[in-house]
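A short reminder: the numbers here are calculations on the coordinates, not readings from a lab. Worth saying up front: this structure is predicted, and the values here are computed from it rather than measured. Neighbour counts run over all protein chains shown; Cβ positions are idealised from the backbone, glycine included.
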Amino acid sequence: MPSNQAVAALAALTLLGACASTPPAPLRATAQLEPTKGSKTIGEVTFEQDGDKVRVLANVQGLKPGKAHGFHIHEAGDCSSGDGMSAKGHFNPEGRMHGYPGSGHAGDLPALLADAHGHAKLDVVTTGISIGSGPDDIVGRGLIVHADPDDYKTQPTGNSGARIACGVIRLE
C-alpha cells in the first residue's frame, strides 16, 4: 500500500500534467456601448486575440433600420463628452490613410448593417490591432458607432456622421 506522501506526490504530478496540457485562454477585451446624447443605440462588443489576428463580435441595437453604420476604434477611451467627441479621432498608430478594414488604419472596422428592427451583429477577424501589448493595443481605446455609413475614402474619418454610441475597450 502506498504511503500518504506517495499518493500526494502522484496527485500533484497529475495536476501539473493537466495544467501543462491546457492551452492558455485567449486574451479578451470587451466594450459596453452606451448611447450618446439623443441616441438610443446600445450594445456589447468582444475582442478575442488569436495569434496575430483579433476576432470582433458585436451585438448592437437601436440603429437606423436597414442602414449601414460606421464602426471605428478611436484614440481615447473617453466617452464623457456626451457626443462621443472626447474619444478623439480614429486609432491610427501607423499613420495610415483611412480605408476599408484591413487596408486602412487600425481603427477601421467593417460597417454595422442593421436589420429591419435596427439590430446588427458582426463577427469578423481582423489584423492590425492587438489586445494587451504593443503599439496597436486597443485596450483603453474608445469604440464608436456612427449614424451614417462609412464611405471608406473621405480622410481621415470616412464621412460617417455623428457618433451615436460610445464605449471603452477593457481587458477582461
ask   = Using Cα-only point scatterers and the Debye equation, what is log10 of I(q)/I(0) for the stretch 107-157 at each q in 0.22, 0.23 Å⁻¹, rounded to two decimals?
value = -1.04, -1.09
message = If you average the C-alpha positions of the stretch 40-98 and of the stretch 131-172 separately, how far apart do those two centres end up, in angstrom?
response = 3
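For the chain, give the magnitude of the charge dipole about the Cα centre (Cβ charges: +1 Lys/Arg, -1 Asp/Glu; no others), in debye to the nearest 20. The partial results should precede the final answer.
Values: 14 positive and 18 negative charges, 54 e Å.
Once rounded to the nearest 20, the dipole reads 260 debye.
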task = Compare the peptides 91-97, 161-167, 135-141 by average per-residue count of other Cβ atoms within 10 angstrom and give them in order, highest first.
result = 161-167, 135-141, 91-97
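For the stretch 67-127, what Kirkwood radius comes out of the mean inverse Cα-Cα distance, in Å?
Values: mean 1/r = 0.0784 Å⁻¹.
Mean inverse Cα-Cα distance, inverted, gives 12.8 Å.
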request  = Please determine, in degrees from 0 to 90 and to the nearest 10, the orientation of helix 4-21 with respect to the longest principal axis defined by the Cα atoms of the chain, where the helix direction is its Cα long axis.
outcome  = 30
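Can you pull the percent of Cα pairs in the stretch 28-171 with separation above 19 Å?
The proportion of pairs with Cα distances above 19 Å equals 43 percent.
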key: Along principal axes, Cα extents of the stretch 34-86, largest first, whole Å   = 39, 29, 15
message = List the lysines whose Cα sits under 26 Å from the Cα of Lys64, skipping any in the same chain fewer than 8 residues away.
response = Lys37, Lys40, Lys88, Lys121, Lys153
note = Listed with the fewest Cβ neighbours within 10 Å leading, Leu113, Leu63 appear as Leu113, Leu63
ask   = At Asn159 and Asp50, where each label point lies 7 Å from the Cα along Cα→Cβ, what is the point-to-point distance in nanometres?
value = 3.4
